[in-house]
Amino acid sequence: MGKALELTDENFQISIQNGYTLVDFWAPWCPPCRFIGPIIEELASTYEGKMTLGKINVDHNQHTALKYKVMNLPTVILFHNGEVVEVIVGARNKNQYGQAIDRHLLAGV
């Protein structure tokens, strides 16, 4: 069963370089982040083998959060081969994240 990767400043760039990667920028003190955490884990199972899903704690990995100008939490960024293709700020439901993913996977961006 798929599981979201725990990303850090050290492994972030290598983790997003190939294919599609959805990254949840979160913090433990953020209630909406705790709401979407299980959703990200479910999506990791749903999209296993098609893309990578990861989570990065912005309190412990400020360099990456600053690099991608993450100012509000949660922020979910979809990357394709290391490039940002979509940014979603604020909590969404599983279907909304799935629609964003599918839009890009089907388009083959």
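The values are calculated or read from the model by the stated rules, or taken from the named source; none is laboratory data. In this text the structure is predicted, and so the values were computed from the model without any measurement. Don't worry about glycine lacking a Cβ; one is built from the backbone with ideal geometry, like all the others, and counts go over all protein chains shown. Surface accessibility is based on the protein's heavy atoms, side chains included, excluding ligands, DNA and RNA. Shrake-Rupley method; radii C 1.70, N 1.55, O 1.52, S 1.80 Å.
When the helices in the chain are scored as -39500 (n - 2.57) per DSSP H run of 4 or longer and the sum is shared across all residues, what 222 nm value do you end up with, to the nearest 500 deg cm²/dmol?
The per-residue figure over the chain is -11000 deg cm²/dmol.
Could you compute the FRET efficiency for D9 and M71, with r as their C-beta to C-beta distance and R0 at 22 Å, rounded to 0.05?
Once rounded, the FRET efficiency stands at 0.80.
If we count every other residue with Cβ under 11 angstrom of G98's Cβ, Lys/Arg +1 and Asp/Glu -1, where does the sum land?
Numbers: positive: R92, K94, R103; negative: E42, D102.
Net charge in that neighbourhood comes out at +1.
Need the full-extension length gain, Q99 to E42, defined as separation in residues times 0.36 nm minus the C-alpha distance. One decimal, nm.
Value of the extension gain: 19.1 nm.
Per residue, how many Å² of accessible area does the range 20-88 show with a 1.4 Å probe?
48
Of all the accessible heavy-atom surface of the chain, with the other protein chains kept in place and a 1.4 Å probe, what percent is carbon and sulfur? Present the calculation step by step, with values, prior to reporting the outcome.
Working: 3260 of 5900 Å².
Taking all protein chains in place, the chain shows 55 percent carbon and sulfur surface.
Identify all lysines with a Cα-Cα distance to K67 below 23 Å; exclude those on the same chain that are fewer than 8 residues away in sequence.
Cα-Cα hits under 23 Å: K55.
Please identify the chymotrypsin sites (Phe, Trp or Tyr not before Pro) of the range 1-79 that satisfy two criteria: DSSP loop assignment and at most 11 other Cβ atoms within 10 Å. Which are they?
Here the chymotrypsin sites (Phe, Trp or Tyr not before Pro) that fit, given the DSSP loop and packing criteria, are W29.
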